[in-house]
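Novice: What follows is a single structure, and I will ask about it in a moment.
The values are calculated or read from the model by the stated rules, or taken from the named source; none is laboratory data. Everything quoted here is computed from the prediction, not taken from an experiment. Here the Cβ positions follow ideal geometry from the backbone for every residue, glycine too, while neighbour counts run over all protein chains shown. Side chains are part of the model used for accessible areas, which takes the heavy atoms of the whole protein and leaves out ligands, DNA and RNA. Shrake-Rupley method; radii C 1.70, N 1.55, O 1.52, S 1.80 Å.
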Protein chains: 2
Amino acid sequence: MPEKTFGNVLQELRREQGLTQEELAFRSSLDRTYISLLERGLRVPTIDTLFKVSKSLGTKPEDLVARIEAGR
Amino acid sequence: MPEKTFGNVLQELRREQGLTQEELAFRSSLDRTYISLLERGLRVPTIDTLFKVSKSLGTKPEDLVARIEAGR
């Protein structure tokens, strides 16, 4: 199941951008605790969430997905 | 919200492969009615579903997502 890998990639990208979970949550109109759950692989995101966080991180959603694929 | 676009892309790819909803559902271990709901944009898929249907359609998940992006 890729969701843990989604969590790793999300955390990597967030840290690369120097953002806190709080800042990413604010940019994405998501709750901070949800960002934490996603990063720990405890929630499986919908593609809507994929598009939201990708945009907030200034990356294309397909690039985020490609990084998940590469990590599998 | 991109889910309707996901539905269009899913239907396009399925038809390009000459598959029925039944066949795609079987390959993806999903229910046929769920495939129909996805194609009509009435359900928002998780990234797990994205990975499952992409694999069944013989396409990379990032390529499917890129097609959604292009359709926006």
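Novice: Per residue, how large is the accessible surface of chain B? Use a 1.4 angstrom probe and give square angstrom.
Specialist: Per-residue accessible area for chain B comes out at 52 Å².
Novice: From other protein chains only, count the Cβ atoms within 10 Å of every residue's Cβ in A:41-50, then give the mean.
Specialist: Whole-number average of other-chain Cβ neighbours for A:41-50 is 5.
Novice: Could I ask something else about it? Can you give the relative contact order of chain B as a percent, counting alpha carbon pairs under 8 Å and 6+ residues apart?
Specialist: After rounding, I find 41 percent.
Novice: Which value, in square angstrom to the nearest 100, describes the accessible area buried between chains A and B on both sides, using a 1.4 angstrom probe?
Specialist: Summing both chains' loss of accessible area gives about 1600 Å².
Novice: Would you please give the FRET efficiency between B:GLU12 and A:SER36, computed as 1/(1 + (r/R0)^6) with r the Cβ-Cβ distance and R0 = 35 Å, to the nearest 0.05?
Specialist: With a Förster radius of 35 Å, E is 0.45.
Novice: Between B:LYS60 and B:GLU22, what is the spin-label point distance in nm, taking each point 7 Å from the Cα along the Cα→C-beta axis?
Specialist: 3.4 nm
Novice: On to the next question. Can you list, shortest first in nanometers, how far A:ASP31 lies from the same residue in the other copies, with each label 7 Å from Cα toward Cβ?
Specialist: Those label-point separations list as 2.7 nm.
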